[in-house]
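The values are calculated or read from the model by the stated rules, or taken from the named source; none is laboratory data. As the structure is a prediction and not an experimental result, all values here were calculated from the model. Cβ coordinates were reconstructed from backbone atoms using ideal geometry, including for glycine residues, and neighbour counts include every protein chain displayed.
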Amino acid sequence: MERESWGGKMGFWLAAAGSAIGLGNIWRFPYLTGANGGAAFVFIYLLIVLTIGFSVMLAEFAIGRHTNLNAVGAFQKLKGGPWQIAGWMGVLAGFVILSFYSVIGGWTIKYILSSFTGMISTSTNSTDYFLNFIANGPQTVLYHAIFMAITIFVVYRGVGKGIEDTCKILMPALFAILVILIIRAVTLPGALAGIDFYLNPDFSKITGKTILAALGQAFFSLSLGMGCMITYGSYIKSKKDSLPKAAAIITLLDTSAAFLAGFVIFPTVFAFGAEPGAGPGLTFITLPKVFALMPGGQVWSALFFLLLCVAALTSAISLLEVVVAYAIDNLKWPRHKAAIGIGGVIFLLGVPSALSQGAVSLNILGMSFLDLLDFISNNILLTVGGLLISLFVGWVIPDIAKKETTSHGPFAFQTIWLWICRVVAPVAIFIIILGGFGLF
Ligand code: PFF
């Protein structure tokens, strides 16, 4: 049977942007910015995204389009040996990340519905509300199941009819919702203080930790380091489409989405005197408080969590596709079996994460099961994966890399890109890994 492919360039761009833009942009980026001092963090983040992020994305696209294979198959075909480990780590990361990502995706569904049932009210304590909800085992598992079922359904339908068509509708919808919310947020009285916090850098706030947080966030947000962009790149049919251009567009869309999400969160948080450094609870605890004080707050809240849910869904699809593509290419499973079977296992793996937030006491190494998986995947799997991918492209297959990116862009561009892959990105990533383990 012929391998599936994107219907066109636009479909690929939107699907890849759909993968990149997710909880990482709308939930994680603003809270990290808030906790790391605002504009200075944003500046460092942008710098990293434009150099290392863009380069690793282009590296993944080149591997994917050249081999037309999933992450594991691509490394096996190009070199084999220990390099396959990079592919295997990617598939493992797909399993692990999706298992807890879907739990948080489930929270967003709950919050869309709850926007209309008393959650958005000045008499509701949003901290208690959130903590009660995540400690309710049957509910969190139920919403996790619903989110996972939708993800499986889209992947089951395939690359063109499922992923591409879904993203073609949901991505423009996402940007439209974002714009509506920004207009509301920046016109609130007192919004200016938030914009100032967000855009006025204070470089004394930058520490080694800030830079590490920005690096890790760049990888997670751009869906890099686990072969996701290898997999999506492998569905590109035309050898003529420019990969540097695709990587530039997707990097730009992802960064804009994160940047724009900040224009919803910070003006709103400052206008109502909430705390920007509240951490992971910023979205689920602070924003409902703020919505409760806004006229029409229920509708704004439902719209916001719908935005978050849509963004999470198009990313979850790509996480599942990494594993499903491996099963289809290498194990010769039919797509429906791969989507349902693998999706089912990931659902089960997510149950302990769903329960670990208060329903049962499930702490390992001082972290809840969900936080532990988040820690392992972000600090080990994605970072080591990204390091291996850039070394691989820079040193093992530079000729293929040049061929996949040649004829587009001037010579200097290619040289700079390859040296970022060979030296700059690996060294920087190495530093993240050491930092992740507190070794300096
Ligand atoms: N990029 C997604 C986000 O920002 O939420 C998360 C993600 C998706 C990470 C796919 C990795 C991946 F392969």
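For the reader, a short list of remarks on this structure follows.
Each row is one residue, and each column tells you yes or no for (1) more than 16 Å from the ligand (Cβ to nearest atom); (2) of a type in the set (S, T, N, Q).
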| residue | (1), (2) |
| --- | --- |
| 311 | no, no |
| 315 | no, yes |
| 328 | yes, no |
| 337 | yes, no |
| 386 | no, no |
| 414 | yes, yes |
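- When residue 48 is tested against (1) more than 22 Å from residue 177 (Cα to Cα); (2) away from the ligand (no atom under 15 Å from the Cβ); (3) modelled with pLDDT of 90 or more; (4) not hydroxyl-bearing (Ser, Thr, Tyr), only condition (2) is not met.
- Scanning the range 182-216 for residues that are modelled with pLDDT of 90 or more and touching a Leu at 6+ places or on another chain (Cβ under 7 Å) yields a single hit, 182.
- Going through (1) part of a helix (DSSP H, G or I); (2) farther than 20 Å from residue 224 by Cβ; (3) in contact (Cβ under 8 Å) with a residue 60 or more places away in the chain one by one, residue 374 falls short only on (2).
- Verdict on residue 283 being within 13 Å of the ligand (Cβ to nearest atom), closer than 24 Å to residue 70 by Cβ, hydroxyl-bearing (Ser, Thr, Tyr) and part of a helix (DSSP H, G or I): no
- Extreme residue, farthest from the ligand (Cβ to nearest atom), among residues of the range 223-238 that are more than 14 Å from residue 432 (Cβ to Cβ) and in a loop (DSSP other than H, G, I, E, B): 238
- Unmet requirement for residue 224, which otherwise passes all of (1) modelled with pLDDT under 95; (2) closer than 30 Å to residue 43 by Cβ: (1)
- The listed residue being touching a residue at least 60 places away in the same chain (Cβ under 8 Å), within 16 Å of the ligand (Cβ to nearest atom) and among the aromatic types (Phe, Trp, Tyr), out of 29, 41: 29
Quick grid of which residues meet (1) more than 17 Å from the chain's Cα centre (by Cα); (2) buried (at least 22 other Cβ atoms within 10 Å of the Cβ):
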residue: 294; (1), (2): yes, no
residue: 298; (1), (2): yes, no
residue: 303; (1), (2): yes, no
residue: 308; (1), (2): no, yes
residue: 314; (1), (2): no, yes
residue: 321; (1), (2): no, yes
residue: 326; (1), (2): yes, yes
residue: 333; (1), (2): yes, no
residue: 340; (1), (2): yes, no
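Quick grid of which residues meet (1) in contact (Cβ under 8 Å) with a residue 60 or more places away in the chain; (2) over 18 Å from residue 329 (Cβ atoms); (3) in contact with a helix residue (DSSP H, G or I) (Cβ under 8 Å, 6 or more places away or on another chain):
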| residue | (1), (2), (3) |
| --- | --- |
| 75 | yes, no, yes |
| 78 | yes, no, yes |
| 84 | no, no, yes |
| 90 | yes, no, yes |
| 96 | yes, yes, yes |
| 109 | yes, yes, yes |
| 127 | yes, yes, yes |
| 136 | yes, yes, no |
| 164 | yes, yes, yes |
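- Screening residue 78 with (1) under 16 Å from residue 401 (Cβ atoms); (2) within 17 Å of the chain's Cα centre (by Cα) gives one miss only, at (2).
- When each of 319, 307 is tested for being at negative phi, in contact with a Cys (Cβ under 8 Å, 6 or more places away or on another chain), assigned to a helix (DSSP H, G or I) and in contact (Cβ under 8 Å) with a residue 40 or more places away in the chain, the lone residue that passes is 319.
- Checked against the criterion of being touching a residue at least 12 places away in the same chain (Cβ under 8 Å), part of a helix (DSSP H, G or I) and within 16 Å of the ligand (Cβ to nearest atom), the range 292-299 contains not a single residue that satisfies it.
- For the range 1-40, the tally of residues that are among the hydroxyl-bearing types (Ser, Thr, Tyr) and either over 28 Å from residue 100 (Cβ atoms) or modelled with pLDDT under 90 (or both) stands at 2.
- For residue 36, the criteria (1) in contact (Cβ under 8 Å) with a residue 60 or more places away in the chain; (2) of a type outside the set (Lys, Arg); (3) out of contact with any helix residue (DSSP H, G or I) (no Cβ under 8 Å at 6 or more places or on another chain) hold in every case but one, which is (3).
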